[in-house]
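Inspection log for the structure reproduced underneath, given as structure tokens.
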Amino acid sequence: MANIESVLQETRVFPPSAAFQAQANVSGMASHQALTARAAADYEGFWADMARAGISWKKDFSKILDESNAPFYKWFYDGELNVSYNCLDRHLPEKADKTALIFEADDGAVRRVTYQALYNQVCAFANGLKSRGVQKGDRVIIYMPMGVEAVVAMQACARIGAIHSVVFGGFSAKSLHERIRDAGARLVVTADGSIRGGKMLPLKSAVDAAIALGDCECVEAVVVYRRSGDDTAWNAARDIWWHDLVNGMAQTCEPEWVNAEHPLFILYTSGSTGHPKGVQHSSGGYLLGAILSMQWVFDARPDTDVFWCTADVGWITGHSYVVYGPLALGMTEVIFEGVPTYPDAGRFWKMIQDHQVTTFYTAPTAIRSLIKLGSDLPRQYDLSSLRLLGTVGEPINPEAWMWYYEAVGQSRCPIADTWWQTETGSHMIAPLPGAVATKPGSCTLPLPGIMADVVDEHGGSVPLGQGGYLVIKRPFPSLLRSLWGDPERFRKTYFPAELGGKTYLAGDSAHRDADGYYWIMGRIDDVLNVSGHRLGTMEIESALAANPRVAEAAVVGKPHDIKGEAVVAFVVLKGARASGDEAKKIVAELRDWVGKEIGPIAKPDEIRFGDNLPKTRSGKIMRRLLRAIARGEEITQDVSTLENPAILEQLKEAVR
Ligand code: WT7
């Protein structure tokens with residue numbers, strides 16, 4: 001594994017420049033250490049101070065952390081607030097005319113939305129939701145393209161205490177169906193279609209198809225934003241245009257004051273079973289994580305920054321660093337409908353130049369693909385507005401890090417490599433860029449108050465230099481509260497009894513170097529990370545197995561230059577093993593099938609056929625062996641326990 005090796009040899013260190021450090025919110029390592037020490041000395045007092053400083057409470061809290069029903073922790077649990085109030089209303093006295101959103105459409109058209117205008121739109125849509133009977137605690141599925149209306153829909157839910165669950169527009173009707181049902185959604189918000197890279201992709205028809213799959217009686221209405229102008233089938237009893245819904249609605253709406261623990265949203269993510277997990281976040285603790293990480297890691301300067309996180313709102317990154325964090329701070333931010341390579345691979349750099357972006361946050365996979373398509377392109381644009389860069393989603397290889405640092409940041413901007421997860425809600429391990437020296441490929445040090453550690457299978461800390469499980473030993477405010485409808489799975493997955501039942505098991509392996517810096521090594525479960533997107537091997541396996549041709553399937557990951565990881569599927573067909581043109585045809589068919597079952601992001605990059613899969617005598621598929629085969633590695637493992645060793649030769653052959 002080239003990546004891991006180059007990471008292990010990495011010795012370069014980049015301390016913050018004197019200029020950056022001088023202006024930073026947390027300036028110098030001594031300040032960082034003081035915060036960390038404060039959290040260690042008075043954990044609850046530390047978080048309470050942060051929560052009072054960052055959040056406007058309707059009713060102040062007197063309780064801080066409740067651990068009596070661990071691991072179902074509660075924070076600030078007699079406080080009351082409204083998240084949308086914190087993102088909008090509280091800025092209006094001074095910032096009504098300030099630009100909140102700079103929306104750039106796929107075709108380059110730009111639309112600016114002030115805080116006042118965003119407030120008005122959110123209130124009107126919130127009133128529209130109420131007119132359709134949506135109440136506090138109801139679930140609303142949002143299946144929308146990246147744009148102003150997606151932000152409005154999410155904020156409107158927050159405003160009335162409805163729980164949103166955003167489903168990424170790239171997920172299929174089948175995936176959407178599963179999420180609508182699991183959440184028991186009362187309403188779905190969608191668009192006729194989305195436009196990305198010049199192409200129209202239908203969304204409303206996927207909603208229709210999802211509901212047609214059945215058992216969706218919970219859905220009383222589908223609100224459709226007109227974006228692509230495509231014709232769409234219409235069910236007058238159920239469907240309503242966005243513009244008709246908000247027409248005539250009041251542009252003010254009293255926020256619903258909710259308890260700090262009231263669920264703000266559910267976001268589905270992949271785990272190690274065939275079914276996605278509904279990660280459930282709170283209102284108070286989640287908002288605090290978004291605010292603090294904006295201030296600490298992104299060194300937010302609300303009055304002068306132009307912030308741009310390129311993530312879609314369908315992922316947690318879009319929730320915390322598009323919809324909630326930047327708006328809670330009253331910042332100006334860019335939101336982008338399109339893709340980084342359209343009309344050409346200079347799009348990001350042109351947008352940074354055009355909008356004078358100061359803080360840019362994207363994924364390693366995007367960086368790698370842009371290096372490949374035009375490593376000199378950034379130099380053709382004026383990127384002097386940039387002061388800070390960030391990455392998220394997967395480990396960044398030092399080569400990509402160095403290019404990002406030199407070609408994009410002009411060796412001037414610190415790079416914040418941010419480790420966190422859907423479950424943690426906000427950054428956990430990342431540099432505070434005015435304090436922590438960075439090393440290419442390391443996410444550096446835990447944030448103040450985050451009690452991270454690397455442990456063995458009994459929960460004991462491992463020495464520096466040794467690999468182990470990445471854990472967080474004390475509950476923190478932005479941690480997920482449960483899995484929607486499945487508290488037992490929450491407990492078992494994240495707080496295993498083997499580690500004492502109170503330690504958060506992240507699902508990643510990591511090691512720390514001699515300076516205590518964290519280096520993420522990869523997932524410990526059957527979760528793949530493809531282009532920064534989380535995919536469960538079991539989900540793809542069950543999708544394949546649902547195909548009438550397939551008898552059995554096993555899925556593993558293998559390293560990929562651009563995507564980080566590629567999906568390799570081993571398939572046993574019913575009937576004879578396919579070869580030649582027939583095999584090619586079936587591969588195309590199965591890839592399409594997975595695209596329809598889950599979404600295009602889950603399509604296997606490679607499919608290999610065998611008469612069988614390598615199994616132990618007790619019938620367990622030997623995935624480690626399959627991983628070695630997928631990587632083209634020599635098989636050094638003991639295969640004597642294998643029921644059918646002859647199968648290995650067959651599986652070495654890939655169909656392309
Ligand atoms: C998994 C979480 C957090 C938003 C995007 C992904 C991997 C995430 C990093 C990083 C190394 C990273 C981990 C983690 N990951 N950021 N900076 N360095 N690995 O959220 O879909 O919940 O995936 O992404 O494996 O567990 P997610």
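The values are calculated or read from the model by the stated rules, or taken from the named source; none is laboratory data. Quick caveat: nothing in here was measured; it's all calculated off a predicted structure. Heads up, the Cβs are rebuilt from the backbone with ideal geometry, glycines too, and the neighbour counts pull from every protein chain shown. Calculation scope for accessible area: heavy atoms of the full protein, side chains included, ligands and nucleic acids excluded. Shrake-Rupley method; radii C 1.70, N 1.55, O 1.52, S 1.80 Å.
By the Cβ distance rule of under 4.7 Å, the chain has these cysteines without a partner: Cys87, Cys157, Cys216, Cys218, Cys309, Cys413, Cys443.
Couplings 3J(HN,Hα) for region 310-317, derived from phi with the Karplus relation 6.51 cos²θ - 1.76 cosθ + 1.60 (θ = phi - 60°), are 7, 5, 6, 5, x, 10, 4, 4 Hz, where x marks Gly and Pro. With a simple spin-label model that places each label point 7 Å from the Cα along the Cα-to-Cβ direction, the separation between Glu254 and Val339 comes to 4.8 nm.
Sorted by packing (mean other beta-carbon atoms within 10 Å per residue), highest first, where do 370-378, 470-478, 594-602, 643-651 land?
Numbers: 370-378: 16.9, 470-478: 22.6, 594-602: 20.2, 643-651: 15.2.
Listed from highest to lowest mean packing, they are 470-478, 594-602, 370-378, 643-651.
Considering only Pro475, Ile621, Cys309, the residue lying farthest towards the positive end of the dipole of the chain is Ile621, judged by Cα position with unit charges set on Cβ.
In region 531-651, what % of DSSP beta bridges are antiparallel (nearest 5)? Write out the running numbers ahead of the final one.
Working: 12 of 16 bridges.
Roughly 75 percent of the beta bridges in region 531-651 run antiparallel, per DSSP.
Distance between the 7 Å Cα→Cβ label points at Asp581 and Ser17: 6.1 nm. Label positions at Asp382 and Thr636, each projected 7 Å from the Cα along the C-beta direction, are separated by 5.5 nm. To the nearest 10, the accessible area of Ser272 is 50 Å² with a 1.4 Å probe. Contact order for region 531-651, expressed relative to its length and based on alpha carbon pairs under 8 Å spaced 6+ residues apart, stands at 24 percent. Over 19 Å between Cα atoms, which of Lys277/Lys574; Lys174/Lys574; Lys563/Lys615; Lys204/Lys563; Lys174/Lys603; Lys350/Lys372 qualify? Where the Cα-Cα span goes over 19 Å, the pairs concerned are Lys277/Lys574; Lys174/Lys574; Lys563/Lys615; Lys204/Lys563.
Per-residue ellipticity at 222 nm computed for the chain from its helices equals -8500 deg cm²/dmol, with DSSP H segments shorter than 4 residues left out and the rest contributing -39,500 (n - 2.57).
Would you please give the FRET efficiency between Ala546 and Arg617, computed as 1/(1 + (r/R0)^6) with r the Cβ-Cβ distance and R0 = 22 Å, to the nearest 0.05? Let's see the in-between values first.
Details: r = 28 Å, r/R0 = 1.26.
Calculated value: 0.20.
When +1 charges are put on Lys and Arg Cβ atoms and -1 charges on Asp and Glu Cβ atoms, the dipole computed for region 531-651 relative to its Cα centre reaches about 220 debye. Using a ≥ b ≥ c from the Cα gyration tensor of region 531-651 (square roots of the eigenvalues), is it rounded, prolate or oblate, where a/c under 1.5 gives rounded and otherwise the larger of a/b and b/c decides, a/b for prolate? Oblate, since a/c reaches 1.5 and b/c is not below a/b. For the chain, the relative contact order works out to 14 percent when only alpha carbon pairs closer than 8 Å and six or more residues apart are counted.
Calculate, for Lys98 and Glu399, the FRET efficiency according to 1/(1 + (r/R0)^6) with r their C-beta to C-beta distance and R0 41 Å; round to the nearest 0.05.
So the FRET efficiency works out to roughly 0.55.
Relative contact order of region 74-230, taken over Cα pairs closer than 8 Å and 6 or more residues apart, is 20 percent.
Taken about its Cα centre, region 521-579 carries a charge dipole of about 220 debye when Lys and Arg each add +1 at the Cβ and Asp and Glu each add -1 at the Cβ. Charge dipole (Cα centre; +1 on Lys/Arg Cβ, -1 on Asp/Glu Cβ; no other charges) of the chain amounts to roughly 280 debye. Placing a label point 7 Å from the Cα of Asp515 along the Cα-to-Cβ direction, the residues of region 9-28 whose backbone N falls under 15 Å from that point are 9-18, 28. Give the percent of DSSP beta bridges with both residues in region 132-228 that are antiparallel, rounded to the nearest 5. Antiparallel bridges: around 25 percent, rounded to the nearest 5.
Note on the chain: antiparallel DSSP beta bridges, both residues inside, total approximately 60 percent of the bridges counted.
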